[in-house]
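See structure below.
The values are calculated or read from the model by the stated rules, or taken from the named source; none is laboratory data. Keep in mind that this is a model prediction, so the values were computed, not measured. Cβ sites come from the backbone with ideal geometry, for glycine too, and all protein chains shown count toward neighbours. Ligands, DNA and RNA are excluded from the accessible area calculation, which covers all protein heavy atoms including side chains. Shrake-Rupley method; radii C 1.70, N 1.55, O 1.52, S 1.80 Å.
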Amino acid sequence: MNMEIVAKLDVQDLSVKFADKTVLQRINLRIPEHKITAFIGPSGCGKSSLLRSFNRMNELLEDTTTTGRVLLDGKNVYQPDVEVAELRRRVGIVFQKPNPFPHSVYENVAFGLRLQGIKQERKLDELVESALKKAALWNEVRDRLHASAVNLSGGQQQRLVIARAIAIEPEVLLLDEPASALDPISTLKIEELMYDLKQHYTIVIVTHNMQQAARVSDFTAFLNMGQLIEFDETNKMFTDPSQRATEDYITGRFG
Amino acid sequence: MSKSLLLQRRRRWYNRLFKALIGLSGVSVLLMLAALFIYLFSEVVPLLRPVTGEPLAPLSLPEQVVTPDVAGNRLGWPVTPALYAISVSGYYQLVASSEGQACFYTRQQVSGCQQQWWLTESVDTLTSISWLSAEQALLAGYKSGRLQQWFLVPDNSGIVKLQLVRELPAQSSAILHIAPEQNRRGFATLNAAGQLALYYSAAGRPLWQRATGLTADETDIKAVEFSADNKLLSVYSANQQYRFTLDNPHPEVNWQTLWHSVWYEGFSQPDYVWQTSSASDDYQPKFSLIPLTIGTLKAAFYAMLFAAPLAIMAAIYTACFLPAGPRQRIKALIELMAAFPTVILGFIAAVWLAPVIESNLLGLLLWVLVLPLSVLALAAVWPRLPSSWQHRCSGGSEVIVLMVWLMVVSGIVFFAAQYLDSWLFTDGFRFYLDKLGVYYEQRNALVIGIAMGFAVVPGIFAIADDVLHQVPPQLTRGALALGATPWQAVIRISLPLAAPGLIAACLVGFGRAMGETMIILMATGNSPITNFNLFEGLRSLTATLAIELPEATVGSSHFRVLFVAALLLLLFTFLANTAAEIVRQRLRKKYQRL
Amino acid sequence: MQQNWSRKGTPWIWLNAAAVALSLLLVGSLLAFIMVQSIGVFWPSEASGHFGHKVWLYLQNWWQFLSGSSVEGGIFPAILGTVLMVLLMSILVTPLGVFAAVYMHEYAKDGPFIRLIRVAVHNLAGVPSIVYGVFGLGFFVYFLGGSIDNLFYSDRLPTPTFGTPGLLWVSLTLALLTLPVVIVATEQGLAGIPKSLRLGCFALGATKAEVMWRIVLPQASPAMVTALMLAIARAAGEVAPLVFVGVVGSAPALPISTEFPYLQLQQQIMSLGMHIYDAGMQSPAAQSAEPLVFASALVLIVLIFMLNFAAYRFRKRLNLRYRNRAAAES
């Protein structure tokens, strides 16, 4: 594995417990900047928890304890003086199910911008437009910016949520199975989108879909039973995995 | 945008401020709830506090206190009197020999006795007698330590006679002095062993006892006396005044007077009495909560008798047999019942319903019997009607047909009852009841039952409809798939499953009925009676509070007893609601498992 | 035939339907009864004049009844009192109840303590209103009011200023009485908001306050309106507990004035409910006042229905604005 790359996120000895159940055990991982990293593994292996621990989303679920460190540009995000809200502004997340706010398309995208204190209408218009364009949604919604977002299709909703997330210009974008609830065409659009986005953002994606991981990611991490089994460049991982378990999983022998 | 992991200061402070605000209101609500309980209890606690008394330093008296003359002389009474007692106003007087032979007379009698008898049957020596304040009761103490209480009770010819009411628990030695409290029915005794004891007329056991250390032989102590505010008890010897401060603010309230039948002055037997004010100043307050509690339960019981079947049957129909649309509409209409302020219901019950029921008693009776029968008759006729009619009236519109039908039947019943009334009974049914000896009050429990039933129907209905509707549909569907009719699915599956929920609904309704004030206040006579008679009135805890609390003196026994009543209401409704809540939660879990 | 009946349960179903019909009939006839009793009260009795003139007189009589002072036999002070006490109550109870619900549902850690509090609050919604009145008299009037008098109005003692029943205590008692209702209904609304919305908001870097303020509270607003509606319906018709804390059968003056502070919080007030009780049952001329009392009852019911209807419309509009919640959940 090439260690020259710049690590955007540096995970050190990270363990996560839900109540008394350990879901992640001493994870060590370096997520490279401006690359797409995919987490794969069987259900319940802890890949979503790992993703959510990067911007401390786990804390919003009940009764979790996290030990270890996650360094964002060298700064531990679990330090007590870190403002969680600002951390999440810099490390955005998109969930499996699209969750647009029951506002208009425009307001959904402007939501995060307004939180940041941007008030001028013109600037908002500009930023909303560019976010929607980046998310490849502009052409579809330009005529109904002020219609309710909930009436969009599932794929459009998910791209809207991504637009909403990138509008506030995060440095890292976490995608938690963003396409698993969508039809193949929407999935394809999301994948294309990711490819475009990686120029500007560091992207981490959790996926169930091996082909998807192979298609879009530069690096892949394989997790099982709360442990990191293998982490390497995607090409190598899918052609010549160093671990037996990885090979079994990838070739579909278990999982 | 900044690279640091810090927020703008404005947002950070806004976040903290909001959290503080939310926390503050949360805490203040908790505090208010706590204050509610603590305050109600704090007003009641003084009632439970035991009586305390402390000795003060004795005063030496410059001159001898003149003790009242014992030798009252009674003309025409052959016995040599040893003891003499005169009531505060001097109207009632009594002389007695030391053997216990007594002569009772009034000031108007120049000679002879109104009543001549032996105070004691056994061989004993009478050592002291005294009238209690208000001149209704006499106390007699004996050498053996016995203590008797006698009441003035009028006999059949209206002449008052003294009657033995109770023997108080005997003391260990002779009772030398009895001192009545001022304006209250309490008294203190001093016995030969030098022990002071404080009693209250209606309570058996002494409230407070203390050894004085006075070696009280019979000549040494001259008198025992209360000060005007009853806070100081003085024992006079020849040249000393021994003083005791007493803290006894609420002697008339204790467990026994609140919950047991008590023989009060002027009554011919023990009874449960609530009487807190009277025309004369000189009355004995009577704080039995039994009539009020019974009244509350009685009103709630009759209301439930009317409301529970109606609400639950209605809920069965709406929840199990109606499609979603009509169900919502009918639910909304029935819940409209809850929007009627109870003061309006009470007013209508008092000025219209009560007289109407009185004059249509027979009609009401017939109506209750005929109405279900008429519905059954309609049900029997229905299948024979042209099918186009039937078709048009389905999916909820049967209710409209039934409403028309019920109106017609009710009209006919009441109309017919008027004729029946004058035909069957010479002066009408109402007078017939009088002749039978049934006491009928116009504003009675029947009126309450109907009016308050109306008020609690929506509450019961809402919960009952909920629990029936939430029965997991796969269960009833399964029964239907096995060939059961909808009715069988309801009776075999839904009802048994939801039965605890229906009980919870009734409990909530019962709690609501117990707490209802205005209807009872307006539509009953508010007489504190202790029975479950349908045709008599009642007085509930709530109505008593509404009537009496504004007039009660703050801090008085009356005031505090009213707080006991409020706590009692709180307790009743708390029990009912908590039980209902537990039942509903269990049911919810059960539904989830299924 | 017999067999069939018992199997299908037709008679029982019909009886159950009859219970529904009877309940509806009772509501309907009660409404109709009050209407019939009160609608003709103000019809001019003199035979002269044509129909239009009579209608004019009739409306004039109604207006006089609604706007007249109690000396003129009108109920304006009672209407004003009812509206004022309900308004003040709403102002007091809404923020407190909503924030307390937010505290219990969003901020407080879920544990045995908060569960106990929740049971207590649910239970308090069922506590008889008169108990709140008792508390209001003892705690608000005597304790709080007495303390205020001692601190700020000691020069006027022993004449009490706030240590006596008055409008402020009426609204406070009503607020306390309706607080559990508001909390319970608001909490239900909060529980209905999908967690994904909250997470989505947090994911955009919102602080907790911002999540509450921008997403949770607007989403819960229909529930809050329902809560307030329930509270107002309960408060407007309440009489018994208010007898203790400042609602009287006839108040000497209106609780408003033309000078600052415009509102006399320590003034005793009249209310429609109390007016019905007082004029209908307590006054010596109760018998002759009966038709007027029915008219007051009609006014009270119309007032409550109007408030309910307004809240219903308002809620519908809010629901429309956030109508998509169900869709967002699926």
- Task: Return one whole number: the accessible area per residue of chain B in Å², for a 1.4 Å probe.
- Result: 45
- Query: Relative contact order for chain B: what is it in percent, counting Cα pairs under 8 Å that are at least 6 residues apart?
  - Reply: 12
- Query: If you bin the C-alpha pair distances of the range A:9-144 every 5 Å from 0, what whole percents do you get?
  - Reply: 2, 8, 15, 18, 17, 13, 12, 9, 4, 1, 0
- Query: Which order do A:248, C:155 take by accessible area at a 1.4 Å probe, largest first?
  - Reply: C:155, A:248
- Can you pull out the buried accessible area for chains C and B, both sides counted, probe 1.4 Å, rounded to the nearest 100 Å²? 7900
- Note on the structure: Rounded to a whole %, the carbon-and-sulfur portion of the accessible area of chain C at a 1.4 Å probe is 65
- Message: If you count only protein heavy atoms and use a 1.4 Å probe, how large is the accessible surface of residue A:21, to the nearest 10 Å²?
- Response: 130
- Query: Can you give the average number of partner chain beta-carbon atoms within 10 Å of each beta-carbon in peptide B:14-22, as a whole number?
  - Reply: 6
- How large is the dipole of chain A about the Cα centre if only Lys and Arg carry +1 and Asp and Glu carry -1, each at its Cβ, rounded to the nearest 20 debye? 300
- Message: Largest first and in whole Å, what are the equivalent-ellipsoid semi-axes of chain A based on the Cα gyration tensor, each being the root of 5 times an eigenvalue?
- Response: 30, 21, 16
- Task: Give A:17/A:134; A:35/A:75; A:189/C:195 a once-over and call out the pairs whose C-alpha atoms are over 31 Å from each other.
- Result: A:17/A:134
- Task: Divide by every residue of chain A the summed helix terms, -39500 (n - 2.57) for each DSSP H run of at least 4, and state the resulting mean residue ellipticity at 222 nm, rounded to the nearest 500 deg cm²/dmol.
- Result: -10000 deg cm²/dmol
- Query: How do A:107, A:83 stack up against each other in accessible area, from largest to smallest, with a 1.4 angstrom probe?
  - Reply: A:107, A:83
- By its C-alpha gyration tensor, with a ≥ b ≥ c as the square roots of the eigenvalues, how is the range C:216-295 shaped: rounded for a/c under 1.5, else prolate for a/b larger than b/c, else oblate? oblate
- In order over the range C:35-44: 3J(HN,Hα) from phi, Karplus 6.51/-1.76/1.60, θ = phi - 60°, whole Hz, x for each Gly or Pro, gives 4, 4, 5, 9, 5, x, 4, 9, 5, x
- Task: Pop out the carbon and sulfur fraction of the accessible area of the range B:59-257 as a percent, whole number, probe 1.4 Å.
- Result: 50
- Looking only at other chains, what is the average number of their beta-carbon atoms within 10 angstrom of each beta-carbon in B:481-487? 3
- For residue B:329, what charge total do you get from the other residues with a beta carbon under 15 Å from its beta carbon, if Lys and Arg give +1 and Asp and Glu give -1? -1
- Apply the Karplus parameterisation 6.51 cos²θ - 1.76 cosθ + 1.60, with θ equal to phi minus 60°, to every residue of the range A:142-156 and state each ³J(HN,Hα) to the nearest whole Hz, in sequence, with x for glycine and proline. 4, 8, 10, 4, 9, 8, 5, 6, 6, 7, 6, 6, x, x, 5
- Message: Can you list residues from other chains, or at least 5 along the same chain, whose modelled amide H is less than 5 Å from the amide H of residue B:186?
- Response: B:181, B:201
- Query: If you roll a 1.4 Å probe over the range B:290-592 with all protein chains in place, what percent of the accessible area is carbon or sulfur?
  - Reply: 68
- Message: Restricting to lysines 8 or more places apart or on different chains, can you count the pairs in chain B with Cα atoms under 27 Å from each other?
- Response: 10
- Translational diffusion coefficient, Stokes-Einstein: compute it for chain B using the Kirkwood radius over C-alpha pairs as Rh, at 25 °C and 0.890 mPa s, and state it as an integer in µm² s⁻¹. 82
- Task: Show the residues, 5+ positions off or on another chain, whose built amide H is closer than 5 Å to the amide H of residue B:160.
- Result: B:155
- In square nanometres, what is the average projected area of the Cα convex hull of chain C? 28.3
- The local net charge around residue C:105, scoring Lys/Arg +1 and Asp/Glu -1 for residues other than residue C:105 whose Cβ lies under 11 Å from its Cβ, equals -2
- Message: Using amide H atoms built in the peptide plane, which far-off residues or other-chain residues are under 5 Å from residue A:11 H to H?
- Response: A:29, A:30, A:31, A:71
- Query: Considering only protein heavy atoms, what is the solvent-accessible area of residue C:88 at a probe of 1.4 Å, reported in Å² to the nearest 10?
  - Reply: 40
- Message: Buried by at least 20 Å² relative to the chain on its own: which residues of the range C:236-254 qualify, computing accessible area with a 1.4 Å probe on protein heavy atoms?
- Response: C:237, C:239, C:240, C:243, C:244
- Query: Can you give the percent of C-alpha pairs in the range A:135-255 whose distance is more than 19 Å?
  - Reply: 52
- Task: Using Cα pairs closer than 8 Å and at least 6 residues apart in sequence, work out the relative contact order for the range B:59-257, in percent.
- Result: 14
- Task: Quote the total accessible area buried by chains A and C together, excluding ligands, DNA and RNA, probe 1.4 Å, nearest 100 Å².
- Result: 2000
- Query: Three principal axis extents, largest first, for the C-alpha atoms of the range B:290-592, in Å?
  - Reply: 68, 57, 30
- Item | Choice from C:187, C:238, C:72 with maximal GNM fluctuation in chain C (Cα, 10 Å cutoff) | C:72
- Message: Please give the charge dipole size of the range B:290-592, origin at the Cα centre, charges +1 on K and R Cβ atoms and -1 on D and E Cβ atoms. Round to the nearest 20 debye.
- Response: 1160
- Choice from C:188, C:287, C:64 with maximal GNM fluctuation in chain C (Cα, 10 Å cutoff): C:287
- Message: Pick from A:90, A:159, A:114 the residue whose mean-square fluctuation is largest in a GNM of chain A, springs joining Cα atoms under 10 Å.
- Response: A:114
- Message: Accessible area per residue for chain C in Å², computed with a 1.4 Å probe and the full protein assembly in place, what is it?
- Response: 44
